[in-house]
Amino acid sequence: MTPPSVVSRLVPVIAHAVAVFGDERKAKHWSSTPLVILGNRTPTELLASSEGTALVERTLTRIEHNIPT
């Protein structure tokens, strides 16, 4: 079972991704794709740590506001 602290950290990121990409399928595809901006790691890989989660959130915000990487 996933600890509540991890769930409370991940749920907002997942919701943010769905909001940015418009649906769960697109958000899931994005989160499983290695990205250069993330050192060729997937957003999902980075969600294992607080620092990685913050990087994924910043990346989503950049996409959301059309800020070049």
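If a residue counts only when it is open to solvent by less than 60 Å² (accessible area, probe 1.4 Å), which helices (runs of 4 or more DSSP H) contained entirely in the chain have at least 3 such residues? First the steps, then the outcome.
Numbers: elements: 4-21, 24-31, 43-46, 50-64.
Because the criterion is at least 3 residues that are open to solvent by less than 60 Å² (accessible area, probe 1.4 Å), the helices (runs of 4 or more DSSP H) in the chain that meet it are 4-21, 24-31, 50-64.
In segment 39-68, which residues are of a type in the set (D, E, K, R) and under 8 Å from the mean Cα position of the chain (by Cα)?
Glu57
The values are calculated or read from the model by the stated rules, or taken from the named source; none is laboratory data. Just so it is clear, the model here is predicted, and its values are computed rather than measured. When the accessible area is computed, the model is the full protein with side chains, heavy atoms only, and any ligands, DNA or RNA have been set aside. Shrake-Rupley method; radii C 1.70, N 1.55, O 1.52, S 1.80 Å.
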